[in-house]
Every structure is written in structure tokens, then in C-alpha cells.
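The values are calculated or read from the model by the stated rules, or taken from the named source; none is laboratory data. In this text, all values refer to a predicted model and were calculated from it rather than measured experimentally. All Cβ positions, glycine included, derive from the backbone under ideal geometry; neighbour counts span all protein chains shown.
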Amino acid sequence: MSQVIHPFGELSPDYVMAAAESVGIWPEREPFALNSYENRVLLFRDEKGQGWVIKFYRPQRWSDACIQEEHDFLLELAAAGVSIAAPWQDEQGRTLHHFRSFRFALFAQKVGQAPELDNPAHLYALGELLGSLHQVSRRKPFQHRPVLDLDSQVIEAQQRVLASDWLGRHQRRAYETITNNLHGVLKDIAWPTEQLIRCHGDCHLGNILGRDEDFTLVDFDDCLMGPAIQDIWMLLPIGNPAEWRAQLSEMAEGYEQAGDFPHDQLALIEPLRSLRLIRHSAWLVSRWSDPAFPAAFPWLADSGYWDQHIRQLEQQRLVLDRHQPWLA
């Protein structure tokens, strides 16, 4: 496949430093690139030793209104005492900045490690954090951010893959069959409008930093309207029923310090996992022209990856068919 010059190729160290300087923050030395693919995120220190994270948004992904709504949500959470990474505001209160062809935001550096999911104290602390997040989330809805929808998003992801030339003839047939099958199960799963709240949207271990039992949520780039369980299920590793119950119990106890844990949404976990599996491969395919993706995910070009992915989707279909004993 031929590669094209991607807009992020313009982001040289000098460009990044000039962008920071345009809002009055002066890097001491060249920035260090962090692991980020959808956007470009870099770390630097200013002349006072303050650590900063600068985030350049992927062109044409979100509108200014979408990004600003994310920022406003973060400021609302910070004002309520929820531990999140809030965007820096300039003297005019602006959080979204423009430099030449890019939009960017700045965040004070947050340090720490991911929580340990086999540590009950960490699980309790995560529950507390998410409970406090969702208490604020319920105050009002997003107006510009996406709404989580199993029906349309499965079809959209499927069509991205089928429109590409990644699959062989037999793989294409098998992929279309299993994704149609999964869509048939997922399309009728819906949640009442009153269950939709403002969610982080991508709440996995990589987006949580902290020490001991003090954790901070970062990277709200995928925030959306969805059921509360969307921010919980990715923190529950696949395991036997006893493991599920034990981990859910610890998280729920912490969560309920702020509000009722969404026990009635547990049946959505496997449907949401199914959607994520389908969307992940579609995301990789759709971003392949970005040079960062072939470098980070070279196995996507291997035919064996697609065989494995199809088997994984078939196994997930069986999971959806089986009774979930941990829900009892």
C-alpha cells in the first residue's frame, strides 16, 4: 500500500516549541513524544521546571465545538474536585488554541503508574473516582459529543474494513458473516435515554495514573454520551465468575460513596466488548496512512492477524450466547 504525507509530519520539535511559545509558555528544551496515535501528544519542561503535556488534535476529526465541550466538561469536573487532567487556560480563559494549521491544548504533567487490578484498595479507589466522575456527569448532557450506539457503530466499523483491501476473498466472506451475525445480536440492544450520561468513553488502565490509592483520569478525547458501565467494564479483566464478583464488589463499594453503582447495566459488558473488538480493527485500517500506525502496528499487514481477528469475533459471539453466571 502506498503511503501519503500525513499532516502530522509537519510537527517538528521547532514547530511544537513555537506553538507553546505562541501562548506564552517557554520550553526549556525539545519536547519528548509520548505514546499517542489518534492525536500527537508530547511532554516538555518550561524554563521554571514545570512539566507540560501538549496535545495536537488530529485534523478534521472533531469540530471545535466538540473539543471545547470536552474541555468544559474537564473544567466542570475539576471544579467539583474530581481528579482529572484539566486543560490549561490562558488569561482570557481559553483552553483550545490554534497555531498555523493545528489546534492544540496544554495540560500540567500528571505523574504516576496505572492501578493494580489485583489490589482491593486500588479497585476501591477506582470505584470512588468513577463514582465522583459520574455524579458530575449526570448534571447535564453533551450537545456536540457522540452518542454510544451499538447498531450504527458496528455497521460503520464493518464497512470501513470491507471497503479496504486488507482481507483475502475467504477472509472477507468470513468477516462479513461474523460481523453481520454480531450486528444481528447487538442492534436491538439499547438503553433508555435516561441512562445516558457524559462518560470518559475510553477508560482503560493506560488512561489512569497515580500512586498508592490516589488516581487521576487523563485523556478524555473519546468522551461521549453512554451508559455508566462504559467507564467501568474495561477495568474488569476477563476471568472466572468468582474473579468478576470480587472485583466488582470492591469497585462498587467505592463507587457507592458517591452514588448508586449501575448493577442493572452489567449485562451490557459483553455487548460493549464486542463493539470495541470490531471498532479497533476498523480504526487501525482507517488510520493506516498515518506513518505512526504501520510503525506501531506492523502485524495488521499480516494475513494471520485477520484470521485471528475473525476467530476472536466468532468466540465473542459464543460468549454472547452463553449465560453469564457472574451476573447472578
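Can you find a residue in region 213-223 that is modelled with pLDDT under 95 and not in a loop (DSSP other than H, G, I, E, B)?
Filtering region 213-223 down to residues modelled with pLDDT under 95 leaves 213-214.
Next cut, not in a loop (DSSP other than H, G, I, E, B) only: 214.
Yes, that holds for at least one residue.
Which condition breaks for residue 95 when tested against (1) farther than 27 Å from residue 130 by Cα; (2) surrounded by 19 or more Cβ atoms within 10 Å (Cβ to Cβ); (3) in contact with a His (Cβ under 9 Å, 6 or more places away or on another chain)?
For residue 95, the exception is condition (1).
Quickly run through region 117-131 and pick out the residues that are under 19 Å from the mean Cα position of the chain (by Cα) and over 22 Å from residue 67 (Cα atoms). Show your work before the answer.
Within region 117-131, the subset under 19 Å from the mean Cα position of the chain (by Cα) is 117, 126-127, 129-131.
Answer for region 117-131, where residues must be under 19 Å from the mean Cα position of the chain (by Cα) and over 22 Å from residue 67 (Cα atoms): 117, 126, 127, 129, 131.
Quick grid of which residues meet (1) assigned by TED's automatic domain parsing to the domain that holds residue 231; (2) over 20 Å from residue 306 (Cβ atoms); (3) assigned to a helix (DSSP H, G or I); (4) of a type in the set (Gly, Ala, Ser):
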site	(1), (2), (3), (4)
128	yes, yes, yes, no
133	yes, yes, yes, no
136	yes, yes, yes, no
144	yes, yes, no, no
155	yes, no, yes, no
160	yes, no, yes, no
171	yes, no, yes, no
175	yes, no, yes, no
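Got a sec? Which of 308, 315, 230 is over 24 Å from residue 152 (Cα atoms), part of a helix (DSSP H, G or I) and polar (S, T, N, Q)? Show your work before the answer.
Details: 315 fails: over 24 Å from residue 152 (Cα atoms); 230 fails: over 24 Å from residue 152 (Cα atoms).
Testing whether each residue is over 24 Å from residue 152 (Cα atoms), part of a helix (DSSP H, G or I) and polar (S, T, N, Q) leaves just 308.
Which pairs turn up if I take residues in region 211-222 that are in the same structural domain as residue 77 (by TED's automatic domain parsing) and look for partners that are surrounded by fewer than 20 Cβ atoms within 10 Å (Cβ to Cβ) and at pLDDT 95 or above with beta carbon separation below 8 Å, at least 6 apart in sequence or on another chain?
Between residues of region 211-222 that are in the same structural domain as residue 77 (by TED's automatic domain parsing) and residues that are surrounded by fewer than 20 Cβ atoms within 10 Å (Cβ to Cβ) and at pLDDT 95 or above, there is no close pair.
Using the structure shown, decide if residue 189 is of a type in the set (A, V, I, L, M, F, W, C) and surrounded by fewer than 19 Cβ atoms within 10 Å (Cβ to Cβ).
yes
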